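Single-structure report; data block below.
The values are calculated or read from the model by the stated rules, or taken from the named source; none is laboratory data. Since this is a predicted model, take the numbers as computed values, not measurements. Please note: Cβ atoms are built from the backbone with ideal geometry, for glycine as well, and neighbour counts cover all protein chains shown. Only protein heavy atoms, including side chains, enter the accessible area calculation; ligands, DNA and RNA are left aside. Shrake-Rupley method; radii C 1.70, N 1.55, O 1.52, S 1.80 Å.
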Amino acid sequence: AQSVTQLDSQVPVFEEAPVELRCNYSSSVSVYLFWYVQYPNQGLQLLLKYLSGSTLVKGINGFEAEFNKSQTSFHLRKPSVHISDTAEYFCAVSGTGFQKLVFGTGTRLLVSP
Amino acid sequence: DAGVTQSPTHLIKTRGQQVTLRCSPKSGHDTVSWYQQALGQGPQFIFQYYEEEERQRGNFPDRFSGHQFPNYSSELNVNALLLGDSALYLCASSLAGVKYEQYFGPGTRLTVT
């Protein structure tokens, strides 16, 4: 079974500052890793995914994440955030078999001017 | 190309009633997964349908059931509603041969009073 821990429930940051949202996972098997974003009253949108290969993954809207197998982490980063990045961010893991996603509890990113 | 659609958008039911939620997958997708997202929580996997059969199920009671139709659309049924069933219900579609790409709909907000 897999599990995901998002260490920060809320991250406040000023516009144009860098940000890192932390994610750690637990699994006894090989996994795929994902970051999703959820804007208020909307569904989930895929930001990026790690399947295999390069441990640095680039996604949409300027986000990137780094897979670290030894630390079982998949932290999300953006060098300069915008007001429009204010949203809830979810880290998720799945096994390489069935497509079931296991989500963390989410991190609310609050970007202020 | 229409994405994943869900209906209705919002729903209010009374304890003990039954509810049916509907999902149309993204064009070309053949697999539908359902997730429950309680307020302030990450989505939790309910079950997945492929070829009109339940392929995998999460830790949800038998009050939660589903169906997939020949056109790949799906329904989620919940019987004997409890207050704790109040949540955002998300549908995700994917292609069976592509295990890592799930597209989410906007969700149905269910309130049980």
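Computed quantities for the displayed model
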{"quantity": "Criterion (more than 9 Å from chain B (Cβ to nearest Cβ), crowded, with 17+ Cβ neighbours inside 10 Å and touching a residue at least 12 places away in the same chain (Cβ under 8 Å)) met by exactly one of A:Leu109, A:Leu101", "calculated": "A:Leu109"}
{"quantity": "Residue check, B:Ser65 without any contact (Cβ under 8 Å) to a residue 60 or more places away in the chain and either more than 7 Å from chain A (Cβ to nearest Cβ) or in a strand (DSSP E or B) (or both)", "calculated": "yes"}
{"quantity": "Candidate set from the stretch A:4-63 (those that are part of a loop (DSSP other than H, G, I, E, B) and open to solvent by less than 20 Å² (accessible area, probe 1.4 Å)); member that is nearest to the other protein chains (Cβ to nearest Cβ)", "calculated": "A:Gly43"}
{"quantity": "Qualifying residue in the stretch A:7-18 (condition: closer than 23 Å to B:Tyr35 by Cβ and in contact with a Leu (Cβ under 6 Å, 6 or more places away or on another chain))", "calculated": "no"}
{"quantity": "Filtered residue count, the stretch A:5-46, keeping only those that are aliphatic (A, V, I, L, M), modelled with pLDDT of 95 or more and in contact with a Phe, Trp or Tyr (Cβ under 6 Å, 6 or more places away or on another chain)", "calculated": "2"}
{"quantity": "Residue within the stretch A:74-97 that is within 14 Å of B:Glu101 (Cα to Cα), at the interface with another protein chain (Cβ under 9 Å from one of its Cβ atoms) and surrounded by fewer than 16 Cβ atoms within 10 Å (Cβ to Cβ) present", "calculated": "yes"}
{"quantity": "Some residue of the stretch B:89-99 being farther than 12 Å from B:Pro25 by Cα, at pLDDT below 95 and touching a strand residue (DSSP E or B) at 6+ places or on another chain (Cβ under 7 Å)", "calculated": "yes"}
{"quantity": "Filtered residue count, the stretch B:76-109, keeping only those that are more than 14 Å from chain A (Cβ to nearest Cβ), part of a strand (DSSP E or B) and not polar (S, T, N, Q)", "calculated": "2"}
{"quantity": "Output for the stretch B:20-43, where each listed residue is closer than 17 Å to B:Val112 by Cβ, in contact (Cβ under 8 Å) with a residue 24 or more places away in the chain, within 12 Å of another protein chain (Cβ to nearest Cβ) and not hydrophobic (A, V, I, L, M, F, W, C)", "calculated": "B:Gln36, B:Gln37"}
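The rows are residues; the columns are (1) at pLDDT 95 or above; (2) open to solvent by 10 Å² or more (accessible area, probe 1.4 Å); (3) within 27 Å of A:Val4 (Cβ to Cβ).
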site	(1), (2), (3)
B:Gln36	yes, yes, yes
B:Ile46	yes, no, yes
B:Phe64	yes, no, yes
B:His67	yes, yes, no
B:Val78	yes, no, yes
